[in-house]
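Heads up, the thing below is written out as structure tokens.
Nothing in this text is a laboratory measurement; each read-out follows from the coordinates by a stated rule. Keep in mind it's a predicted model, so treat the numbers as computed, not measured. Counting neighbours? That spans all protein chains shown, and the Cβs are built from the backbone with ideal geometry, glycine included.
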Ligand SMILES: [Cu+2]
């Protein structure tokens with residue numbers, strides 16, 4: 001019983017590692033620089049955690065258009081992470097500067 005559970009966990013872990021190895025692992029970060037999100041459009045697999053980092057000297061926020069996620073106000077070098085468990089297209093913006101927009105496509 002216990003062995004079966006351990007094997008199950010191991011298989012799930014391997015599947016997870018294999019899935020992450022197939023995608024581009026470095027592309028899980030979004031930089032905020034000069035009032036823009038880079039990349040503005042990010043494609044990630046289901047279950048990916050995306051981390052935004054504010055590289056500006058000005059505070060920014062990350063707010064999902066559909067209210068799926070919302071960061072606190074990020075000062076310089078502050079980070080915000082969100083894990084996307086469901087496939088879909090998630091648009092977001094900075095509530096302080098609403099012209100700043102970005103998109104995460106989870107597939
Ligand atoms: Cu902003």
_Using a 7 Å offset from the Cα along the Cα-to-Cβ direction at both residue 68 and residue 101, what is the distance between the two label points in nm, to one decimal?_
1.6 nm
*Modelled label-to-label distance, residue 51 and residue 81, 7 Å Cα→beta-carbon offset: nm?*
0.6 nm
_Quotient of C-alpha Rg and 2.2 N^0.38 Å, computed over the range 25-106_ = 0.97
